[in-house]
Amino acid sequence: MSYDADLSFVFAHTPKVVFGARAADSVGDLVTELGGQRTVIVTDAFLAGQTDLVKRLGKSLGDRLAGVFSGVIPDPTAPSVDEGAAFARERGADLLISLGGGSAIDTGKAMAVVLTEGGKILEHEGYHALTRRLTPHIAVPTTAGTGSEMTLVTVITDPARGQKTFVGSHFLHPDVALLDPTFTTGMPARLTAATGMDAMSHAVEALISTLRQPLSDAAALQAIELIATHLPRALAQPDDLHARGQMLLAACLAGTAFSNAMVSLNHAMAHSLGALHHVHHGTLNAALLPHTMRFFAADVGDRFTRVASALGGATRGLGDEAAARQAADLMQAFVHRVGLTTRLGELGVPAESLPQVAELSLSDGSIIYSPRPVMDPAEIEALLRQAH
Amino acid sequence: MSLDFPSEAWTAAYKDVLNNDPGYKVAGAPWTAGALTFVVKAEPSIGLKEDVSFILDVHQGVCRDAKISTMEEGAKQPFVITGSYAQWKSVIKKELDPVKAMMQGKLKLKGNLPMIVRNVKAAQSLVENASKIDTHFLDE
């Protein structure tokens, strides 16, 4: 793989990454390092009430635990963020620990903005408009997929406008991504597969994005290899801490890749299908990915050769497009192997909605990073029909 | 005659260019999200002593107004995009894609990013039309 002569890129710095089984049991040391005296944990009601994860963090924090905000909701809304920030402010929080999947981490990021800058979260929507360090934030993922612990964006839903919006800034990177595989062993199989394939789609799409660059490519390729090897193991042996840990690393690497290179058509379609039919985001990405890979097979040069190799293919002697098609076929087999479908129809997506999905996808921001311009809704609809 | 960027004359020319372009009428037709403010950061070494703000009031493929504004008035608009003189020059010369520049932090956006990227064709047409103006850049 090589790069154009006019290559120009920015690779954003990433959080400090602390990895290891039971690493989270020493979270107090990280809080000390960051100068925290009054820590608020940001999580959802299930993790707060039905698991011992908050208790484990609390044990290490001691009297520096100022409160637990358990009001995180899926697809965080602006009011939920403002409520969390008010909770943290009342308790005098000087450090946040987000615990959970992407929604908890995104809520933690957004709360850090409000705690530092004041006002309400929607007053701060924008990209790279923040100008100073935020309330320190440690992100502790309990799923291995979204990569939010590594990204500079928080996605917030504004119910009043009925749309999602972003706050993006290098200051939004958590200070620490604390990756503890013992925090992910409780994930059910289906969620493990779907979040793992979400990470896979982050990596594959970063690899073919028009913003791709050497450093994001390196992270993406490593993520793909880790997922190909360890997602099936994590599914077969849910308590296999090695496999769980490798998946956390893969999600972290894929998050690094797409935070810098972005995602493209696959995510544009998944976002649109999710908005219309409320199917899990990772499940949709998995269903669409092999079809999207075929769609771009002639446009990605030799970039899918290593994807094919990671998935067990042999591409010696094949041209780039043939190797890319082999990678797509292998990806389809891999999706099936981890127990997910590559048929939208099996996810309850009605065929008659596909023209609307195609139109919506065309207006999704991710689409502009596709390896070739996609401007025609009929082209997307045809792709969706193949995936149906 | 070349027009200084930024200046009242340049913004007036921009309005004319946009309203005379049938391509912008089509590309900008979906845009109903309000006016854009462009802030050029001060660069004393080339004679730009203070930040300059100009407002482009575009709606459904029509430029209703384009003017230099106070910073206060500019900050009230729904979208405020800020960059250095060099970055804006690169945008006008079509050397820098403004949406990618926002993603990379070369331009800073206050406002709803998805709305901007969903209207990427309108953004491209704005740049295309800016490049048509016979511009004198202060650093040349």
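Within region A:5-33, residues that are touching a residue at least 60 places away in the same chain (Cβ under 8 Å) reach partners that are among the small types (Gly, Ala, Ser) and not in a helix (DSSP H, G or I) with beta carbons closer than 6 Å, at six or more positions or on different chains, in the pairs A:15/A:177; A:17/A:177.
Being touching a helix residue (DSSP H, G or I) at 6+ places or on another chain (Cβ under 7 Å) and more than 28 Å from residue B:83 (Cβ to Cβ) holds for only one residue in A:135, A:107, A:165, A:151, and it is A:107. Within region A:167-178, can one find any residue that is in contact with a Pro (Cβ under 8 Å, 6 or more places away or on another chain), within 14 Å of another protein chain (Cβ to nearest Cβ) and surrounded by fewer than 24 Cβ atoms within 10 Å (Cβ to Cβ)? Yes, region A:167-178 contains a residue that is in contact with a Pro (Cβ under 8 Å, 6 or more places away or on another chain), within 14 Å of another protein chain (Cβ to nearest Cβ) and surrounded by fewer than 24 Cβ atoms within 10 Å (Cβ to Cβ).
Which one of A:47, A:57 is assigned by TED's automatic domain parsing to the domain that holds residue A:122, surrounded by 21 or more Cβ atoms within 10 Å (Cβ to Cβ) and out of contact with any Leu (no Cβ under 6 Å at 6 or more places or on another chain)? Steps first, please.
Details: A:47 fails: out of contact with any Leu (no Cβ under 6 Å at 6 or more places or on another chain).
Among A:47, A:57, only A:57 is assigned by TED's automatic domain parsing to the domain that holds residue A:122, surrounded by 21 or more Cβ atoms within 10 Å (Cβ to Cβ) and out of contact with any Leu (no Cβ under 6 Å at 6 or more places or on another chain).
For region A:64-89, the candidate set comprises residues that are free of Cβ contacts under 8 Å to residues at least 60 places away in the same chain, within 23 Å of the chain's Cα centre (by Cα) and not in a helix (DSSP H, G or I); within that set, the residue that is nearest to residue A:110 (Cα to Cα) is A:72. Within region B:91-140, being more than 10 Å from every other protein chain (Cβ to nearest Cβ), part of a loop (DSSP other than H, G, I, E, B) and either aliphatic (A, V, I, L, M) or over 21 Å from residue A:370 (Cα atoms) (or both) holds for B:93, B:133, B:134, B:138, B:139, B:140. Evaluate region B:67-76: report whether one residue or more is within 14 Å of chain A (Cβ to nearest Cβ), in a loop (DSSP other than H, G, I, E, B) and either basic (Lys, Arg) or under 12 Å from the mean Cα position of the chain (by Cα) (or both). Scanning region B:67-76 turns up at least one residue that is within 14 Å of chain A (Cβ to nearest Cβ), in a loop (DSSP other than H, G, I, E, B) and either basic (Lys, Arg) or under 12 Å from the mean Cα position of the chain (by Cα) (or both). When the residues of region B:22-58 are filtered to those that are exposed (fewer than 14 other Cβ atoms within 10 Å of the Cβ) and either within 13 Å of residue B:119 (Cα to Cα) or hydroxyl-bearing (Ser, Thr, Tyr) (or both), the one that is farthest from the chain's Cα centre (by Cα) is B:45.
Summed over region A:1-42, the residues that are assigned to a strand (DSSP E or B), of a type outside the set (A, V, I, L, M, F, W, C) and closer than 19 Å to residue A:256 by Cα give a count of 1. For region A:347-388, residues that are touching a His at 6+ places or on another chain (Cβ under 9 Å), surrounded by fewer than 20 Cβ atoms within 10 Å (Cβ to Cβ) and more than 22 Å from residue A:208 (Cα to Cα) total 5. The set of residues from region A:261-276 being away from chain B (no Cβ under 14 Å) and modelled with pLDDT of 90 or more comprises A:266, A:269, A:270, A:273.
The values are calculated or read from the model by the stated rules, or taken from the named source; none is laboratory data. Remember, it's a predicted structure, so these values are computed and weren't measured experimentally. A quick note on method: Cβ atoms are made from the backbone with ideal geometry, for glycine too, and the neighbour counts reach across all protein chains shown.
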